[in-house]
1. Count, please, the residues in region 35-70 that happen to be outside any helix (DSSP H, G or I) and closer than 14 Å to M175 by Cα.
2. When residues of region 71-103 are filtered for being farther than 15 Å from L136 by Cα and in a helix (DSSP H, G or I), how many remain?
3. I'm told Y115 meets every condition in (1) within 16 Å of V24 (Cα to Cα); (2) in contact with a Ser or Thr (Cβ under 8 Å, 6 or more places away or on another chain); (3) surrounded by fewer than 19 Cβ atoms within 10 Å (Cβ to Cβ) except one. Can you identify the failing condition by its number?
4. Regarding E65, is this residue surrounded by fewer than 17 Cβ atoms within 10 Å (Cβ to Cβ) and free of Cβ contacts under 8 Å to residues at least 24 places away in the same chain?
5. Let me spell it out: the conditions are (1) surrounded by fewer than 18 Cβ atoms within 10 Å (Cβ to Cβ); (2) touching a residue at least 12 places away in the same chain (Cβ under 8 Å); (3) farther than 21 Å from W163 by Cα, and E94 meets all of them except one. Which number is the exception?
6. If only one of P84, P41, P51 is surrounded by 15 or more Cβ atoms within 10 Å (Cβ to Cβ), under 29 Å from W163 (Cβ atoms) and free of Cβ contacts under 8 Å to residues at least 40 places away in the same chain, which one is it?
7. Could you check P17 against (1) in contact with a helix residue (DSSP H, G or I) (Cβ under 9 Å, 6 or more places away or on another chain); (2) exposed (fewer than 14 other Cβ atoms within 10 Å of the Cβ); (3) in a strand (DSSP E or B) and say which number it fails?
8. State whether one or more residues within region 148-168 are assigned to a helix (DSSP H, G or I), surrounded by 17 or more Cβ atoms within 10 Å (Cβ to Cβ), on the phi < 0 side of the Ramachandran plot and of a type in the set (S, T, N, Q).
Amino acid sequence: MKIPESILQEAKKNIEPYDTEGFVLGDGNERANLMIVGEAPGENEVEKGEPFIGRAGKELDHQLETLGISREDIYITSVVRSRPWKRMKTKKGERLANRKPNQKEITAHAKLLDYQIETVDPDIIIALGGVAFERLTKRDDKMSDVVGEAIESPVYQYIDGEWKLSDKSYTIIPMYHPAAVFYNPKIRSDIEQSLQTLKRYLEQDE
């Protein structure tokens, strides 16, 4: 996707004060009816410059296969394009570990996500994880309460320093982030159930 240089440069400048690295723009079909919005890239993503690779990427591919969807059918992006990191001590010294983006980092890249949503103009947005769901809706529901639910709603855009609702409404479907199952294997059954619900919804929408 061709992003206006002014938006790109503003996003990169805005993120500079924070502990982040790299820049992963997003990828996929720019005419897709379905957009996936993740949280932020991790170490593998910023190294390769591609969204959702590594373990989380393989899990996402498995979920897309369950839905009967390929990456070529959708557009994938994220709330923050740079990897948020924190220092962690290990037996071998220190390493940079992934962390959730904070509100200032989310705001730093807000206009970039707004532009991509408006350009792709999907009818359905899958929000992978609580960070993505809250960015789009300003709702802080527990994911276990809303996972797989189709929510008709406008999305929040960052305009002139304020969060405002979009004119268009979208079908927003919150799903667990693919990496969540690595930290909490017990949610696997919830993920599979929500995927079947989502699959039925997508088939009806065709």
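Computed from the coordinates by the stated procedures, all read-outs in this text should not be read as laboratory data. Since this is a predicted model, take the numbers as computed values, not measurements. Cβ: placed from backbone, ideal geometry, glycine included. Neighbour counts: every protein chain shown.
1. Selection size over region 35-70: 5.
2. Going through region 71-103 one residue at a time, the tally reaches 3.
3. That leaves (2) as the condition not met.
4. Numbers: surrounded by fewer than 17 Cβ atoms within 10 Å (Cβ to Cβ): yes; free of Cβ contacts under 8 Å to residues at least 24 places away in the same chain: yes.
When the stated conditions are applied, E65 passes them.
5. Evaluating E94 over (1) surrounded by fewer than 18 Cβ atoms within 10 Å (Cβ to Cβ); (2) touching a residue at least 12 places away in the same chain (Cβ under 8 Å); (3) farther than 21 Å from W163 by Cα leaves (2) as the failure.
6. Only one candidate passes the filter, namely P51.
7. Condition (3) is where P17 drops out.
8. We begin by selecting, within region 148-168, every residue assigned to a helix (DSSP H, G or I); these are none.
Within region 148-168 (the criterion being assigned to a helix (DSSP H, G or I), surrounded by 17 or more Cβ atoms within 10 Å (Cβ to Cβ), on the phi < 0 side of the Ramachandran plot and of a type in the set (S, T, N, Q)), the answer is no, since none of the residues qualifies.
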